[in-house]
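The structure under discussion appears below in the form of structure tokens.
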Amino acid sequence: MTKTTIPTGGITADAVNATLIADDAINSEHYTDGSIDTAHVADSQITTAKIGTLTQIVFNATQSASANANTLDDYEEGTWTPSWSAGGGSLTGTSSNYGKYTKTGDTVKLWFGAVIDSGTASSYYRITNAPFTAATNGSGTAINGETANIQKAWWDSGGTTVNINRYDGTVESDPNLKVHITMKV
Amino acid sequence: MAITKEKIISKIEVVGEYKIIQVAYDTIIKEDGTEISRSRTRNSFTPDKDVSSEDSEIVDIANLIWTQKIKDSWQSKLDAE
């Protein structure tokens, strides 16, 4: 197929208005990366279009926050290193410490844990540096991989602290905590 | 072929009533100057944290926004939890 270069301004809006463009008529053979950008496609010009099989959607590194309830405005995945402490005493140390997150819009899923040398902790274990600030109070569950006992996890709005302990308000000794929670941010 | 690795601060956000500092870092791998990999790590700092060993950008922001009133307010929140 012979490719023809259309000069800037070569096709005006009026020239293509109401023109049917058949399926597959525009594909990767015709457009290079970056050739369609915000300067070329105005808001509302793509409305009820069906989007076929995508390979990737890339969001801007800096979120452009939307107040529209139907708009997905952010996606991010990454890691962090949780900082552990304890209530009712102090930890001796931690090992195998890990933290991963995925943020979709205003919802963040956190996976984190550590093998904890519980020291004198008696009322809860705590991380103090969740990667995002909670917008609401919340709760979830965790598990102690050593005993397979379920623990509760909870947090308060406005902070980056997540607490973990047993349902009776005490802690298990030297747990291997594995936490998976969903937080509104 | 030269492979390089650098870690940059890609985003610093100050969030909420207690001025929590959220930091996103990108680790970038380049081959002969062309980026071939990028991964994201994060950390957050509450007003009770010692950030003196962090990047100077973070230290400067913390010194600016973490007033004694903010620190006291955060401590009151922790005490109430």
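The values are calculated or read from the model by the stated rules, or taken from the named source; none is laboratory data. These figures come from a predicted structure and were not determined experimentally. A quick note on method: Cβ atoms are made from the backbone with ideal geometry, for glycine too, and the neighbour counts reach across all protein chains shown. These accessible areas exclude ligands, DNA and RNA; they are computed on the full protein's heavy atoms, side chains included. Shrake-Rupley method; radii C 1.70, N 1.55, O 1.52, S 1.80 Å.
Structure notes:
- Tally, over region A:96-114, of residues that are part of a strand (DSSP E or B), open to solvent by 50 Å² or more (accessible area, probe 1.4 Å) and not polar (S, T, N, Q): 4
- Residues being closer than 27 Å to B:Asp26 by Cβ, of a type in the set (A, V, I, L, M) and in contact with a Lys or Arg (Cβ under 8 Å, 6 or more places away or on another chain) are entirely absent from region A:139-154.
- Selection over region A:73-95 of residues that are farther than 18 Å from A:Thr133 by Cα, assigned to a loop (DSSP other than H, G, I, E, B), open to solvent by less than 60 Å² (accessible area, probe 1.4 Å) and of a type outside the set (A, V, I, L, M, F, W, C) gives a count of 2.
- Hits in region A:145-168 (condition: away from chain B (no Cβ under 14 Å) and touching a residue at least 24 places away in the same chain (Cβ under 8 Å)): A:Gly145, A:Glu146, A:Thr147, A:Gln151
- Residues of region B:4-59 that are open to solvent by 70 Å² or more (accessible area, probe 1.4 Å), within 17 Å of A:Phe132 (Cα to Cα) and either away from chain A (no Cβ under 11 Å) or in contact with a strand residue (DSSP E or B) (Cβ under 8 Å, 6 or more places away or on another chain) (or both): B:Val14 alone.
- Residue match in region B:62-76 (condition: in contact with a strand residue (DSSP E or B) (Cβ under 7 Å, 6 or more places away or on another chain) and without any contact (Cβ under 8 Å) to a residue 12 or more places away in the chain): no
- Positions within region A:88-103 being free of Cβ contacts under 8 Å to residues at least 40 places away in the same chain and more than 14 Å from chain B (Cβ to nearest Cβ), in sequence order: A:Gly89, A:Ser90, A:Leu91, A:Thr92, A:Gly93, A:Thr94, A:Ser95
- Single residue of region A:56-72 satisfying the filter (of a type in the set (Gly, Ala, Ser) and farther than 15 Å from A:Thr107 by Cα) that is surrounded by the fewest Cβ atoms within 10 Å (Cβ to Cβ): A:Ser64
- Candidates in region A:126-139 are the residues that are part of a loop (DSSP other than H, G, I, E, B) and within 19 Å of A:Trp80 (Cα to Cα); of these, the one that is most open to solvent (accessible area, probe 1.4 Å) is A:Thr128.
- Scan of region A:147-181 for residues that are more than 20 Å from B:Asp79 (Cβ to Cβ), part of a loop (DSSP other than H, G, I, E, B) and open to solvent by less than 10 Å² (accessible area, probe 1.4 Å), ordered by number: A:Pro175
- Of the criteria (1) over 22 Å from B:Val15 (Cβ atoms); (2) among the charged types (D, E, K, R); (3) open to solvent by 50 Å² or more (accessible area, probe 1.4 Å), which one A:Lys184 fails: (1)
- Only one of the numbered conditions (1) at the interface with chain A (Cβ under 10 Å from one of its Cβ atoms); (2) modelled with pLDDT of 95 or more is not met by B:Gln68, and that is (1).
- Residue among A:Ala142, A:Ala121 that alone is free of Cβ contacts under 8 Å to residues at least 60 places away in the same chain, more than 14 Å from chain B (Cβ to nearest Cβ), in a loop (DSSP other than H, G, I, E, B) and over 22 Å from A:Asp73 (Cα atoms): A:Ala121
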